[in-house]
Number of protein chains: 2
Amino acid sequence: MNKDLLLQVHERVKPYIHRTPVLTSELINNMVQANVYFKCENFQKMGAFKMRGAANAIVSLSEVERQSGVVTHSSGNFAQALSLAAKKIGVKAYIVMPKNAPQVKKNAVKTYEGEIIECESNPIAREEMAAKVQQKTGATFIHPSNDDAVIYGQGTATIELLEDYPDLDYIFSPVGGGGLIAGTALAANYFSNHCKVIGGEPINADDAYRSLLSGNIELNDSADTIADGLRTNLGDRNFPIIKKYVEKIIRVEEDEIIEAMKLIWERMKIIIEPSSAVAFAAVLKNKEDFKNKKIGVILSGGNVDVENLPF
Amino acid sequence: MNKDLLLQVHERVKPYIHRTPVLTSELINNMVQANVYFKCENFQKMGAFKMRGAANAIVSLSEVERQSGVVTHSSGNFAQALSLAAKKIGVKAYIVMPKNAPQVKKNAVKTYEGEIIECESNPIAREEMAAKVQQKTGATFIHPSNDDAVIYGQGTATIELLEDYPDLDYIFSPVGGGGLIAGTALAANYFSNHCKVIGGEPINADDAYRSLLSGNIELNDSADTIADGLRTNLGDRNFPIIKKYVEKIIRVEEDEIIEAMKLIWERMKIIIEPSSAVAFAAVLKNKEDFKNKKIGVILSGGNVDVENLPF
């Protein structure tokens, strides 16, 4: 990967994504004593940055591969993203989901014409089922976060952010499976000469924090966090990038996540999901370290059940 | 009033307001079978269009008048708007509020350094108290909606909307005290040669609908609607404008308001208050009449208690 290739990725995915706005808030700037630039991926198609990586993964397929479709396992935003991107590009998408996944999530995938294949609710069952679908249909497996094309796609949010605000000192990204922060770190490295990337992670699912400490991919035994998009572990494609280019990871408590989320809802009048609030919670927690800096924050998504809020 | 004067109003208030974005949603356009352009006054300073009228009312004062401050009676967005505009312009604001107004609203006014004067919770008591403050301090009384400078200020949202989208066929505005829709109608009349203005009003507080029918200002006996910003009656300054320039008023049920609000929250990922949803609910209710049209919708504000939602 290099700068030109990442620009090519951006050009390739542009027809399938929104160029999301960057919002600011005087009140939040005063509160943090810094200039904070929110990259609003909650306004992205299907409501999350995942659309970028999914689109890039599919447009990167050969003509032959496209004919057999794509398969992933996800009950979250990537399921919707892959379904929608596949629909727009004219490719079949198979989505492996645990049979106890919420109906609302199944319906969202169906809206985008993804074909749901149900499995038992554990990591081994879903991988086995995805392999079975792959074997039967010839579909290409696309991992939600540990896939080069997905990682590069996610990096395009940072290309746009740095085009709009070239002199950012920091970009904060939430850390879940590692695709977003790896793409963010690659893009920041190529498109800025001084912008550092910092991850925000729930303390209750701090596998990435521990992985950076030990130098190996550590796993979450449990992951009891409201930030449901951040419960997954890193992978062998994104971890080397994270290790090389991410400055550090800041861990936040559950109440700090909820407080940051509520602050953004109330003050910015935009809807973000708990996983999105984690990066901003990390800024708030350590604001003394970032005084007067220019800070980009990636608001990763806005898919939340408004009938079931944490406040 | 004429076109040039309204442009001057816009220039005068620009330092004190945001030029709010206009957002669109593919999904909503498909649903309505029309092109809908949402003017996001929920992103306005203090969270509502009221900032425009309040700022214009204060900048319109003479130097001598400014020294004695301004007074209004409001427990809603205008209380905050007048306080913030006064603070920014360096004028004292007295806000008459019923003593049983929610603490959260009192706090918002205090944040903007408005001085709260409490009164009993009825229309006569608040008018008497405002008159008393006026007499004692020499402050200029500014009505939240029935004041020429306020009406013209509210019209600036439509100047911006028509600058961005000059060929709108309709603009929908909620109708409460009448300041916003009167300003909207004036601006549409001056800045478009064919754009019609339609009001959305809760059926439970349909004073404006009945006023247009009878030709006189009709009052709400009760106003049991979730759209708390729309419970007030029209006044003698705005009603003649409404009568002359507003095409019609469409009434909506409470469940239609809540449904429209939820749709915007979930699909557009932005927070709007129930009063804001009324104009869009009117579009949804009559969508057959507006097929393939270009429709502006003024999302009037986003100040909502996220701990107490109707869904």
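Read-outs: derived from the displayed coordinates by stated rules, not from any lab. Everything numeric here is computed off the predicted structure, so don't read it as measured data. Cβ: placed from backbone, ideal geometry, glycine included. Neighbour counts: every protein chain shown.
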- Query: Taking A:LYS244 as the anchor, which lysines have their alpha carbon closer than 19 Å to its alpha carbon, excluding any fewer than eight residues away along the same chain?
  - Reply: A:LYS3, A:LYS196
- Message: Amide H of B:VAL70 versus every other amide H placed in the peptide plane: which residues, excluding those fewer than 5 positions away on the same chain, fall under 5 Å?
- Response: B:LYS92, B:ALA93, B:TYR94, B:THR140
- Query: Which of the listed residues, A:SER192, A:VAL133, B:GLY114, is farthest toward the dipole's positive end in the protein assembly as shown, when Lys, Arg count +1 and Asp, Glu count -1 at the beta-carbon?
  - Reply: A:SER192
- Ranked highest first by average number of other Cβ atoms within 10 Å, how do A:45-52, A:251-258 line up? A:45-52, A:251-258
- Per residue, the convex hull enclosing the Cα atoms of chain B spans a volume in Å³ of 118 Å³
- Volume per residue that the Cα convex hull of the stretch B:60-189 spans, once the total is divided by residue count, Å³: 117 Å³
- Message: Suppose every Lys and Arg Cβ carries +1 and every Asp and Glu Cβ carries -1, with no other charges. What dipole size does chain A come out with about its Cα centre, to the nearest 20 debye?
- Response: 780 debye
- Item | Distant-in-sequence amide H partners of A:HIS18 (H built 1.01 Å from N, under 5 Å) | A:LYS45
- Task: Take every DSSP beta bridge whose two residues both sit in the protein assembly as shown, then give the antiparallel share in percent to the nearest 5.
- Result: 10 percent
- Starting at 0 and stepping by 10 Å, how many percent of the alpha carbon pairs of the protein assembly as shown end up in each bin? 3, 16, 25, 23, 17, 11, 4, 1, 0
- Item | Under Karplus coefficients 6.51, -1.76 and 1.60, residue-wise ³J(HN,Hα) of the stretch A:144-159 in Hz, glycine/proline x | x, 9, 9, 8, 4, 5, 5, 4, 5, x, 4, x, 5, 4, 6, 4
- Kindly express, to the nearest 10 degrees and within the range 0 to 90, the angle between helix B:179-191's C-alpha long axis and the longest C-alpha principal axis of chain B. 60 degrees
- Task: Report the antiparallel proportion of the DSSP beta bridges in chain B as a percent, rounded to a multiple of 5.
- Result: 10 percent
- Normalised contact order of the stretch B:51-141, rounded percent, pairs of Cα under 8 Å and 6 or more residues apart: 31 percent
- Query: Within the stretch A:1-147, what percent of beta bridges assigned by DSSP are antiparallel, to the nearest 5?
  - Reply: 15 percent
- Most fluctuating of A:PHE43, A:PHE280, A:PHE290 in the GNM of chain A (C-alpha, under 10 Å) is A:PHE290
- Entries of A:LYS262/B:LYS105; B:LYS39/B:LYS243; A:LYS14/A:LYS88; B:LYS14/B:LYS45 with Cα pairs more than 21 Å apart: B:LYS39/B:LYS243
- Inter-copy distances for A:THR24, label 7 Å out on the Cα-Cβ vector, sorted ascending, nm, one decimal, are 2.7
- Pick out which of A:GLY138, A:GLY229, A:GLY114 has the largest mean-square fluctuation in a Gaussian network model of chain A, springs linking Cα atoms closer than 10 Å. A:GLY138
- Item | Euclidean distance of C-alpha centroids, the stretch A:40-100 and the stretch B:1-43, integer Å | 34 Å
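Given the Cα atoms of the stretch B:119-158, and with Rh set as the inverse mean 1/r over their pairs in the Kirkwood sense, what is Rg to Rh to two decimals?
1.11
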- Under the Karplus curve 6.51 cos²θ - 1.76 cosθ + 1.60, θ = phi - 60°, whole-Hz ³J(HN,Hα) for the stretch A:264-279, x wherever Gly or Pro sits: 5, 4, 6, 8, 9, 6, 10, 9, 10, 8, x, 4, 5, 6, 5, 5
- Note on the structure: GNM of chain B, Cα pairs under 10 angstrom: of B:LEU284, B:LEU299, B:LEU234, the biggest fluctuation goes to B:LEU284
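Per residue of chain B, what 222 nm ellipticity follows from adding -39500 (n - 2.57) for every DSSP H run with n ≥ 4, rounded to the nearest 500? Could the numbers behind the result be given before it?
Details: 13 runs with 143 residues, N = 311.
Calculated from helices alone, the mean residue ellipticity at 222 nm is -14000 deg cm²/dmol.
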- Query: HN-Hα J couplings of the stretch A:103-112 from phi, Karplus 6.51/-1.76/1.60, θ = phi - 60°, integer Hz, Gly and Pro as x?
  - Reply: 4, 4, 6, 5, 4, 4, 5, 5, 3, 8
- Under 5 Å, built H, 5+ apart or other chain: amide partners of B:ILE117: B:ILE95, B:VAL96, B:MET97
